[in-house]
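Undergrad: First, the structure itself, so that you have it in front of you.
The values are calculated or read from the model by the stated rules, or taken from the named source; none is laboratory data. What you see is a predicted model; the values in this text were computed from it and never measured. Cβ coordinates were reconstructed from backbone atoms using ideal geometry, including for glycine residues, and neighbour counts include every protein chain displayed. Side chains included, ligands, DNA and RNA excluded: accessible areas come from the protein's heavy atoms. Shrake-Rupley method; radii C 1.70, N 1.55, O 1.52, S 1.80 Å.
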Amino acid sequence: KALCRKYGFNSPYQCNAIISRAQEPPTKMIELNSLRFGDVGMVTAPFELFNTLGLMIKEGSPFPVTVVKCYSCGKFSYLPSLNTVPYSYGYDCMRVAPGTGEKIAEHFAEVLTEMNEKA
């Protein structure tokens, strides 16, 4: 608690999150998956995607039904969209560079389109 007060953190949780993030390697592999069940496309990610990113994936998907599953293959962190990063409650917990969410959403849209074309 003394460290939290000394460096101006709001809570011990915020302090511990920032310290543990500083001890992580600069890059880390994550697992992303995509599946197809007939007319249903599904993508999975270890993040809690903000709504904007989920909508980007669904808008870019050629499937009539697209499911976006969060916190699968582990629990990584919040993944806010670029325009919400500075104002986001997930900003303090973020473990990725700003703009990563949009890149992942674009990747999923491309993968879903490829899966649809192969059928």
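Undergrad: Of all residues in region 32-63, which are part of a loop (DSSP other than H, G, I, E, B) and out of contact with any strand residue (DSSP E or B) (no Cβ under 8 Å at 6 or more places or on another chain)?
TA: G38, P46
Undergrad: Continuing with this model, one more query. Condition first: β-branched (V, I, T), over 12 Å from the mean Cα position of the chain (by Cα) and under 16 Å from A45 (Cβ atoms). Now tell me which residues in region 100-119 satisfy that.
TA: V111
Undergrad: Still on this structure, please answer the following. Check whether at least one residue in region 10-25 is touching a helix residue (DSSP H, G or I) at 6+ places or on another chain (Cβ under 9 Å), in a strand (DSSP E or B) and either surrounded by fewer than 13 Cβ atoms within 10 Å (Cβ to Cβ) or at pLDDT below 95 (or both), and report yes or no.
TA: No, there is no match, as no residue in region 10-25 is touching a helix residue (DSSP H, G or I) at 6+ places or on another chain (Cβ under 9 Å), in a strand (DSSP E or B) and either surrounded by fewer than 13 Cβ atoms within 10 Å (Cβ to Cβ) or at pLDDT below 95 (or both).
Undergrad: Any residue in region 84-101 that is open to solvent by less than 70 Å² (accessible area, probe 1.4 Å), at pLDDT 80 or above and in contact with a strand residue (DSSP E or B) (Cβ under 9 Å, 6 or more places away or on another chain)?
TA: Yes, there is a match, as at least one residue in region 84-101 is open to solvent by less than 70 Å² (accessible area, probe 1.4 Å), at pLDDT 80 or above and in contact with a strand residue (DSSP E or B) (Cβ under 9 Å, 6 or more places away or on another chain).
Undergrad: So, in region 64-83, how many residues would count as being assigned to a helix (DSSP H, G or I) and crowded, with 18+ Cβ neighbours inside 10 Å?
TA: 0
Undergrad: All but one of (1) outside any loop (DSSP other than H, G, I, E, B); (2) open to solvent by 60 Å² or more (accessible area, probe 1.4 Å); (3) modelled with pLDDT under 95 hold for E110; which doesn't?
TA: Here E110 clears every test but (3).
Undergrad: How many of the residues in region 26-55 are of a type in the set (D, E, K, R) and either at pLDDT 90 or above or open to solvent by less than 80 Å² (accessible area, probe 1.4 Å) (or both)?
TA: 3
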